[in-house]
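The values are calculated or read from the model by the stated rules, or taken from the named source; none is laboratory data. What you see is a predicted model, and the numbers here were worked out from it, not measured in a lab. Note: ideal-geometry Cβ built from the backbone for every residue, glycine included; neighbour counts use all protein chains shown. To get the accessible areas, we keep the full protein, side chains included, count just its heavy atoms, and leave off ligands, DNA and RNA. Shrake-Rupley method; radii C 1.70, N 1.55, O 1.52, S 1.80 Å.
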Amino acid sequence: MTANKNVKRLVRARAQRTGETYTAALQQVREQRAIGGPLRLAVAQLPVEQDATDPVALRRAGNRLRAAVREAAASGARVVQLPEGATCFPGKRVLSSTGPDVVGPADWGRVAWDVLDAELAETAALAGRLGVWVVLGSTHRLSAGRRPHNCLYVVGDDGRVRTRYDERYLSHTKATWMYSPGHAPVVAEVDGWRLGLALGLETHFPEVFAEYDGLDVDAVLFSSTGDGDLDATTFAVEAAGHAAVHGFWVGFAVPPQAGPGAGVVSPGGRWATRATGDGSGRDDVVVVDLDRTDPDVAVARTLARPWRRRVGREGHRDLLDDGLVQDVRSVERAAF
């Protein structure tokens, strides 16, 4: 029933957008899903709460992120990406066992876990009712005495948690006082699309995105709160660079106070869509269709990406076999 509702929603959205009859739109939606057609991705720009001990703040965050999910679903989105810490991004001083004046090990026992669990469950149920996939930043508890993971939950269109990505490359503060690092890349598959996940400050690490290229993803969904000053300017530049180098889309979900707006970078490094990053603290949801057949991304995906892979693995082996490196003009480096 959920799947049927989602198909009907997609058909209605397409018919409204294109002017097609319902029957014609239904045929197009079915064909696209059969061949892994366009995937409509919504990226939300939401402020994040920092006091995980406050039930009111956790409920406020839950209501805010669910409003974004509803808005995205109404736009026909199939996948909704939310920022790091969408349920709450605990402040290092708020949870400090020696704070707030002196930062020390986080006291995770002070978190209102029952409220956080209830907000996560309500969000998952909403995803199931709307028939959309939701990727949201949160905190994942481990066994007693162990620090939790800073994570991205992937909730399927049936309301079940399908997988989870745990941030692997932690900042000094996160590693020293707050979280346990993750240990593996994670790829979620939606309607024939392979989506890699990255988090926090991992745009600083090219190996993360190169690893996902090796896993043959179509896109990487990167969620963050920016750097220590809540500024994601550098992250946005890096995200565009990774999209250009690897020829895949990059979803970029950040809070509105994180400098440049949230959005999606196309293969080749150009922004396909962008929220307003004016520092106003305004919520926003942007939507874009990821389309493998789009002529604007064809060169990056079908020509540049395979070429880089071949050169990266094999080098210019054809030239080496021809003996180019044996040329004295090639070997001599101290002359014009």
Item checked: Fluctuation leader among 264, 102, 94 - the chain, Gaussian network, Cα springs under 10 angstrom -> 102
Item checked: Solvent exposure ordering (accessible area, 1.4 Å, most first) of 254, 328 -> 328, 254
Margin query: Can you say what percent of the DSSP beta bridges in the chain, counting only those with both residues inside, are antiparallel? Round to 5.
Written below: 65
Next item on the list: Evaluate the relative contact order of the chain (contact order divided by residue number), counting alpha-carbon pairs under 8 angstrom at least 6 apart; express in whole percent.
Entry: 16
Next item on the list: Among 39, 142, 170, determine the one that fluctuates most according to a GNM of the chain built with springs between C-alpha atoms less than 10 Å apart.
Entry: 142
Next item on the list: Return the single residue from 109, 91, 226 with maximal mean-square fluctuation; model: Gaussian network over the chain, springs between Cα atoms under 10 Å.
Entry: 109
Next item on the list: From largest accessible area down, sort 117, 101; use a 1.4 Å probe on the protein chains.
Entry: 101, 117
Notebook entry, point to check: Given charges of +1 on the Cβ of Lys and Arg and -1 on the Cβ of Asp and Glu, with all other atoms neutral, how large is the dipole of the chain about its Cα centre, in debye to the nearest 20?
Noted result: 980
